Amino acid sequence: MRTATSALRQARLARPMARRMFSSSPSRLDRYGFIGLGQMGFQMAKNLQSKLTPTDTVRVFDINAAAVQQLKGELASTGAVVESVSTVAEAAKEATVTDFETKDYVVTVLPEPVHVKGVYKEIVAAGLSPATATPSKKPIFVDCSTIDPSTSRTVAATVAEAGGVFVDAPMSGGVVGATAGTLTFMLGCPASAVPAVEPLLMHMGRRVLLCGEQGAGLAAKLANNYLLAINNIGAAEAMNLGVQWGLDPKVLANVINVSTGKCWPSEVNNPVPGVVPTAPANRDYAGGFGIALMKKDLKLAIEAANEAGARLALAESAQNLYETAAQDEACKGRDFSVVYRYLGGKE
Ligand code: NAD
């Protein structure tokens, strides 16, 4: 006969396993919607599909029908079934199954606040109703776009009113990380939602950092990218300065990278060709993190800082520099380290 103590011991032993099983694979029959198959979303959707089971369904949508067609042609032979749909609302359609463990996930990876607002307006208007979303079975919306925290909070409130859960999970790692499935997600949501959201994100990334309540993921992302924007200019100016003074750029980079000036733009993404072989500077600044995206993230960070009343002493000149460099024919469409070229750096 099993005693209460042995049952308790068994339950204790079983607990970590149950948790592991839960976190490594979502419940069967989970349904997924995926909206936005651009540079990041395309690769993320591929990873998600390949890591799910054939009993799962992913409905995909992008206003660019060619992206959907291309995705269908590149899917893993195993993994979830992918349905292409023709509206945002269809991609976000609610689950029909009633098992309380089944979840309906929708991932959005869109360019700017205006797109996120528009897409969720459509989703809510299509009838995400509190009557069909019970506390144990609420659709979960995970927005991975980099937008401002204030827009994100407004969208979250609208979705919550309609009976869903909206969390922000902006990411870092770029297209390389999206392709390899090694993204880092900065998550903003109540702690109670983490067990539902984390396994989903781990299909597309390697790290999920809970930053606080909804909106906090974006606050962390924008603070980080503000620093990156400044460091990138600083690294380009310092390298240019040293080279003008006659220093070998490799020697200078070696000094900086074991000294107090060390930062990601000096060490990994050095803007001077020939210093870091893998950096975009060696490919005529092709690929990498586009200067237009840096300009966008900096603008979002400045707006959010203004809203919060946080003083940014360097923001204005950094913004002017990215705006003019992003228009410059020699710099347009290139990695943001091209700022070194814009400053007249020797290549
Ligand atoms: P992208 O412009 O390549 O892709 C966006 C996709 O959204 C496009 O395919 C577009 O057709 C689609 N789209 C736009 N409006 C839509 C709508 N109403 N309905 C459905 N689809 C719609 O952008 P991206 O590079 O994939 O970036 C997406 C987000 O991730 C951005 O917010 C960006 O700042 C952020 N991000 C990008 C990178 C990067 O390296 N590219 C890195 C980190 C974060």
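The values are calculated or read from the model by the stated rules, or taken from the named source; none is laboratory data. Just so you know, these numbers come straight off a predicted model, no measurement behind them. Cβ: placed from backbone, ideal geometry, glycine included. Neighbour counts: every protein chain shown. Surface accessibility is based on the protein's heavy atoms, side chains included, excluding ligands, DNA and RNA. Shrake-Rupley method; radii C 1.70, N 1.55, O 1.52, S 1.80 Å.
Given 5 Å bins starting at zero, what is the percent of C-alpha pairs of the range 27-88 in each, up to the one with the largest pair distance?
4, 21, 35, 26, 12, 3, 0
Quick one: Karplus J couplings for the range 254-269, per residue in order, coefficients 6.51, -1.76, 1.60, θ = phi - 60°, nearest Hz, x for Gly and Pro?
Whole-Hz 3J(HN,Hα) from phi for the range 254-269: 4, 5, 4, 6, 10, 10, 6, x, 4, 7, 4, x, 7, 8, 9, 10.
Shape verdict for the chain, please, from the Cα gyration tensor: rounded (a/c under 1.5), prolate (a/b greater than b/c) or oblate.
Here the chain falls in the prolate category.
5 Å is the cut-off here: which amide hydrogens, built 1.01 Å from N in the peptide plane, fall below it relative to Gly212, excluding neighbours closer than 5 in sequence?
So Gly212 has HN proximity to Cys189.
List the longest stretch of the chain that has no exposed loop site; here a site is one of the chymotrypsin sites (Phe, Trp or Tyr not before Pro) assigned by DSSP to anything other than H, G, I, E or B, with at most 15 other Cβ within 10 Å.
101-244
Run lengths n ≥ 4 of DSSP H only: what is the helix-derived mean residue ellipticity at 222 nm for the chain, with -39500 (n - 2.57) per run over all residues, to the nearest 500? Mind showing how you got there, number by number?
Values: 14 runs with 165 residues, N = 347.
Using -39500 (n - 2.57) per qualifying helix, the result is -14500 deg cm²/dmol.
Subtracting the Cα-Cα distance from 0.36 nm times the residue separation, let me have the gained length for Ala330 to Val81 in nm, one decimal.
Values: separation 249, 0.36 × 249 = 89.64 nm, distance 4.39 nm.
Net length gain for the segment: 85.2 nm.
I'd like the GluC sites (Glu not before Pro) in the range 301-331 restricted to DSSP loop residues with at most 12 other Cβ atoms within 10 Å, sorted by number.
Passing both the DSSP loop test and the Cβ count: Glu329.
Relative to the longest principal axis of the C-alpha atoms of the chain, give the angle of the C-alpha long axis of helix 4-24, reported between 0 and 90° and rounded to the nearest 10°.
50
What number comes out for accessible area per residue over the range 149-229 if the probe is 1.4 Å? Units Å², please.
I get 36 Å² per residue for this part.
Between Asn64 and Leu247, what is 0.36 nm times their sequence separation minus the Cα-Cα distance? Round to one decimal in nm.
Value of the extension gain: 61.0 nm.
Given N residues in the range 251-332, what is its alpha carbon radius of gyration divided by 2.2 N^0.38 Å?
Numbers: Rg = 14.9 Å, N = 82, 2.2 N^0.38 = 11.7 Å.
After normalising by residue count via 2.2 N^0.38 Å, the value is 1.27.
How about Lys72: which lysines have a C-alpha closer than 18 Å to its C-alpha, ignoring those fewer than 8 places off in the same chain?
Those lysines meeting the cut-off are Lys46, Lys51.
Considering only the chain, what is the antiparallel percent among its DSSP beta bridges, to the nearest 5?
Looking only at bridges with both residues in the chain, the antiparallel portion is about 15 percent.
What's the carbon and sulfur percent of the range 220-342's accessible surface, probe 1.4 angstrom, rounded to a whole number?
On the way: 3450 of 6130 Å².
C and S atoms contribute 56 percent here.
Using a Gaussian network model on the chain with a 10 Å cutoff between Cα atoms, which of Val167, Val58, Val243 fluctuates the most?
Val243
Enter the angle in degrees (range 0 to 90, nearest 10) between the Cα long axis of helix 216-244 and the first principal axis of the Cα atoms of the chain, meaning the one along which they spread out most.
It works out to around 20 degrees.
What lysines sit close enough to Lys332 to cross-link, taking a C-alpha to C-alpha distance under 21 Å and skipping anything fewer than 8 places away on the same chain?
Filter leaves Lys295, Lys296, Lys299, Lys346.
Given bins 5 angstrom wide, list per bin the percent of all Cα-Cα distances in the range 184-228, short to long.
Result returned by the calculation: 6, 24, 29, 24, 12, 5, 1.
Length gain on complete extension for the stretch Arg207 to Leu343, per 0.36 nm per residue less the alpha carbon to alpha carbon distance?
45.4 nm
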